[in-house]
Amino acid sequence: MREYKVNRDPNKSTVPSKEQIDKHKDFATLSHKYEKLTKRPKKPLYKDPKLFIALVVIVIVAYLITEVIDKDNDKQKDKQEQKDEQSNAETSGGTGCAMCKEKERPKYDPDDIEKKSRFD
Amino acid sequence: MKFDKPNIEINDSEQIAKAKKNRDAFGPLYEKYFERVFLYIFKKLGDEDTTGDVCQLVFLKAMMNIQKYEDRGVPFGAWLFRIASNEVNMYYRKSSKTHVVEIEESGLINMMGEMEVSGDKAHEIELQEKLIKVLNAIKPEHAELIDLRFFQSMSFKEIAEIYDISEANAKMKTYRLLEKIKKDWF
């Protein structure tokens, strides 16, 4: 927020003097800040012991996470397979139903019989 | 506050080309524009130390983005003022305290003259105080335009270069704003 105020004193200036402004002028500090912000670090990340340990920890944690996820997926797959097997066994378990037996009976084509008899 | 002299522009473009290759060549540009940018920011913030910090930040950003600067008729000074304006607005957004900015009475008198308002001495101070209240209440982007024209004494050409608009557009915007202020004022 800005609030204006009128300076009615003719002897008092509203702006700082040249000396006051020059006090804030410092190109060396500016260059240093610029270097700090833009230059790449002299030491590569993997050569810094602390950063190296941090990188190793990150890699290990990532590996463990993927392992846990893989195991979970395997377990779920196993469960699914077991369920599928169970349901298959139930459907082919011979309930004695005439309709089901009808479905189970292999279908044959009259043309196939003709072909067979020709070869015979 | 002039930054449109042709001989200065030639030197600027040479210096900018050098600074794009070698950042140490930014030094002369810094020396040349520091005072103007400092005063520009000071007139918006009103505090010397804060102005110093914001001014350094402006030049740091200019140094980092000098590759992006293309001389398409916009003077380097106007480009710097644009960065400064953004930084000041950002500072205001972050800061919660109110900054008191002292302005010259002459700026207000000039503004009143543009609005064709005048009165006797005693009445004039009262009018000015009322005008200050209106100025404190207007939107920041509108206040900026008034600030540039009347308190930073910039020409319409310079304002147009900062906002990247035509001179006629800058003039129109200012006069429309003055009309609005006049309505709120009375």
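The values are calculated or read from the model by the stated rules, or taken from the named source; none is laboratory data. All values derive from a computational prediction rather than experimental measurement. Cβ: placed from backbone, ideal geometry, glycine included. Neighbour counts: every protein chain shown.
Give the range A:1-18 a look and list any residue that's within 7 Å of chain B (Cβ to nearest Cβ) and either under 39 Å from the mean Cα position of the chain (by Cα) or within 25 Å of B:Tyr92 (Cα to Cα) (or both), or say none.
If the condition is that a residue be within 7 Å of chain B (Cβ to nearest Cβ) and either under 39 Å from the mean Cα position of the chain (by Cα) or within 25 Å of B:Tyr92 (Cα to Cα) (or both), then A:Met1, A:Arg2, A:Glu3, A:Tyr4, A:Lys5, A:Val6, A:Asn7, A:Thr14, A:Val15, A:Pro16 are the ones that fit.
Scan the range A:19-57 residue by residue and report those that are facing another protein chain (nearest Cβ under 7 Å) and among the charged types (D, E, K, R).
A:Lys25, A:Lys33
I'd like to check something: does the range B:8-22 contain any residue that is surrounded by 20 or more Cβ atoms within 10 Å (Cβ to Cβ), facing another protein chain (nearest Cβ under 10 Å), modelled with pLDDT of 85 or more and part of a helix (DSSP H, G or I)?
Within the range B:8-22, none of the residues are surrounded by 20 or more Cβ atoms within 10 Å (Cβ to Cβ), facing another protein chain (nearest Cβ under 10 Å), modelled with pLDDT of 85 or more and part of a helix (DSSP H, G or I).
For the range B:83-122, name all the residues that are more than 11 Å from chain A (Cβ to nearest Cβ), within 12 Å of B:Lys44 (Cα to Cα) and among the β-branched types (Val, Ile, Thr).
none
State whether the residues of the range B:32-43 include one that is more than 13 Å from the chain's Cα centre (by Cα), modelled with pLDDT of 90 or more, in a helix (DSSP H, G or I) and more than 10 Å from chain A (Cβ to nearest Cβ).
Yes, the conditions are met somewhere in the range B:32-43.
Here's the yes/no breakdown for (1) farther than 19 Å from B:Lys32 by Cα; (2) of a type in the set (Asp, Glu):
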{"residue": "B:Asp53", "(1), (2)": "no, yes"}
{"residue": "B:Ala62", "(1), (2)": "no, no"}
{"residue": "B:Ile66", "(1), (2)": "no, no"}
{"residue": "B:Asp71", "(1), (2)": "no, yes"}
{"residue": "B:Arg82", "(1), (2)": "no, no"}
{"residue": "B:Asn89", "(1), (2)": "yes, no"}
{"residue": "B:Arg93", "(1), (2)": "yes, no"}
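Looking at the range B:131-153, is at least one residue more than 10 Å from every other protein chain (Cβ to nearest Cβ), assigned to a loop (DSSP other than H, G, I, E, B), within 20 Å of A:Pro10 (Cα to Cα) and under 20 Å from the mean Cα position of the chain (by Cα)?
Among the residues of the range B:131-153, at least one is more than 10 Å from every other protein chain (Cβ to nearest Cβ), assigned to a loop (DSSP other than H, G, I, E, B), within 20 Å of A:Pro10 (Cα to Cα) and under 20 Å from the mean Cα position of the chain (by Cα), which makes the answer yes.
Looking only at the range A:8-58, which residues are closer than 27 Å to B:Phe42 by Cα and modelled with pLDDT under 80?
A:Arg8, A:Asp9, A:Pro10, A:Asn11, A:Lys12, A:Ser13, A:Thr14, listed by residue number.
Quickly run through the range B:44-84 and pick out the residues that are within 13 Å of the chain's Cα centre (by Cα) and of a type in the set (Lys, Arg).
B:Lys44, B:Arg82
Let me spell it out: the conditions are (1) surrounded by fewer than 20 Cβ atoms within 10 Å (Cβ to Cβ); (2) at pLDDT below 85, and B:Phe3 meets all of them except one. Which number is the exception?
So B:Phe3 meets the others, but not (1).
Given the condition more than 30 Å from B:Thr98 (Cβ to Cβ), more than 14 Å from every other protein chain (Cβ to nearest Cβ) and not in a helix (DSSP H, G or I), answer yes or no: does some residue in the range B:58-66 qualify? Give the steps one after another, and end with the answer.
From the range B:58-66, those more than 30 Å from B:Thr98 (Cβ to Cβ) are B:63-66; that's our starting set.
Then keep just the ones that are more than 14 Å from every other protein chain (Cβ to nearest Cβ); that gives none.
No, the range B:58-66 contains no residue that is more than 30 Å from B:Thr98 (Cβ to Cβ), more than 14 Å from every other protein chain (Cβ to nearest Cβ) and not in a helix (DSSP H, G or I).
Here are the criteria: (1) part of a helix (DSSP H, G or I); (2) under 17 Å from the mean Cα position of the chain (by Cα); (3) surrounded by fewer than 19 Cβ atoms within 10 Å (Cβ to Cβ); (4) at pLDDT below 85. Tell me which single one B:Val100 does not satisfy.
(1)
Which residue out of B:Leu108, B:Leu80 is part of a helix (DSSP H, G or I) and at pLDDT below 90?
On the way: B:Leu80 fails: at pLDDT below 90.
Result: B:Leu108 is the single residue among B:Leu108, B:Leu80 that is part of a helix (DSSP H, G or I) and at pLDDT below 90.
Of the residues that sit in the range B:44-57 and are more than 7 Å from chain A (Cβ to nearest Cβ) and more than 19 Å from A:Glu3 (Cα to Cα), which one is surrounded by the fewest Cβ atoms within 10 Å (Cβ to Cβ)?
B:Asp53
Looking at B:Arg23, B:Arg72, B:Arg93, can you tell me which residue is in contact (Cβ under 8 Å) with a residue 40 or more places away in the chain and among the charged types (D, E, K, R)? Before the answer, list the steps.
Working: B:Arg72 fails: in contact (Cβ under 8 Å) with a residue 40 or more places away in the chain; B:Arg93 fails: in contact (Cβ under 8 Å) with a residue 40 or more places away in the chain.
Every option except B:Arg23 fails the conditions.
Any residue at all in the range B:72-81 that's at positive phi and surrounded by fewer than 16 Cβ atoms within 10 Å (Cβ to Cβ)? Don't jump to the end; show me each part of the working.
Taking the range B:72-81 first, the residues at positive phi are B:73.
Narrowing further to those that are surrounded by fewer than 16 Cβ atoms within 10 Å (Cβ to Cβ): B:73.
Yes: one or more hits.
Do we find that B:Leu108 is surrounded by 13 or more Cβ atoms within 10 Å (Cβ to Cβ), within 22 Å of B:Glu35 (Cβ to Cβ), in contact with a helix residue (DSSP H, G or I) (Cβ under 6 Å, 6 or more places away or on another chain) and not basic (Lys, Arg) in this structure? Steps first, please.
Details: surrounded by 13 or more Cβ atoms within 10 Å (Cβ to Cβ): yes; within 22 Å of B:Glu35 (Cβ to Cβ): no; in contact with a helix residue (DSSP H, G or I) (Cβ under 6 Å, 6 or more places away or on another chain): yes; not basic (Lys, Arg): yes.
Considered against the rule, which asks whether it is surrounded by 13 or more Cβ atoms within 10 Å (Cβ to Cβ), within 22 Å of B:Glu35 (Cβ to Cβ), in contact with a helix residue (DSSP H, G or I) (Cβ under 6 Å, 6 or more places away or on another chain) and not basic (Lys, Arg), B:Leu108 comes out as no.
Residues in the range B:114-121: is at least one more than 12 Å from the chain's Cα centre (by Cα), within 25 Å of B:Val37 (Cβ to Cβ) and outside the structural domain of B:Asp47 (by TED's automatic domain parsing)?
Applying the first criterion (more than 12 Å from the chain's Cα centre (by Cα)) to the range B:114-121 yields B:114-121.
Filter once more, keeping what is within 25 Å of B:Val37 (Cβ to Cβ): none.
For the range B:114-121, residues more than 12 Å from the chain's Cα centre (by Cα), within 25 Å of B:Val37 (Cβ to Cβ) and outside the structural domain of B:Asp47 (by TED's automatic domain parsing): absent.
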